[in-house]
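Student: If you scroll down you'll find the structure; I have some questions about it.
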Amino acid sequence: MTSQTGAAQRITDRIVGKAKKIAGSIISDRALQREGELHEQKADAAIQAEREAAEAERNAARAEIRERERELTIEEQQLRKDQLIDARETVHEREIAQQEAQIESDLERSTRQAESREHAGEAALAHNQAAAAAERAQELREAAKAEGEADRAERRAEAYDDVADRK
């Protein structure tokens, strides 16, 4: 029943109720008066029913709003949680990238140091080889000189022997 039809029915019940009460009073018909009161009670009950239905609708709407607010709160919390997880993942990825960059930098530095030590070792070896070659050359010169002196001394000794033999 629409609210206009319900309102018209209530008005009709109230008018009929009043009319029957008045008519029952005039003709002293207690049953007619009682019937009039029942029509008025019916109108009052319909009004009360409409009020309660409206209140029930408001309560249902409030409950629906509270439920939706609860759902939104849960959704908002989940979004915050997701954002926090995303932020932590971003920080973690950034830390991993920094660590990888640091490892790469350390590796490059270690490689340069190893290459530098290798070059220094090669240079030291080349220097030592050059020094050894120079020392060997010097020793060979000294040996040749000593050999030359020994040959001269031997020739002198032979010459002295020849001079001594002739005498």
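The values are calculated or read from the model by the stated rules, or taken from the named source; none is laboratory data. These figures come from a predicted structure and were not determined experimentally. Here the Cβ positions follow ideal geometry from the backbone for every residue, glycine too, while neighbour counts run over all protein chains shown.
Here is a yes/no grid of residues against (1) more than 60 Å from the chain's Cα centre (by Cα); (2) at pLDDT 95 or above; (3) among the small types (Gly, Ala, Ser):
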position	(1), (2), (3)
His92	no, yes, no
Ala97	no, yes, yes
Ala120	no, no, yes
Ala132	yes, no, yes
Glu142	yes, no, no
Gly148	yes, no, yes
Arg152	yes, no, no
Asp165	yes, no, no
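Student: Given (1) touching an Asp or Glu at 6+ places or on another chain (Cβ under 7 Å); (2) touching a residue at least 40 places away in the same chain (Cβ under 8 Å), where does Lys42 come up short, assuming only one miss?
Tutor: Answer for Lys42: the failing condition is (2).
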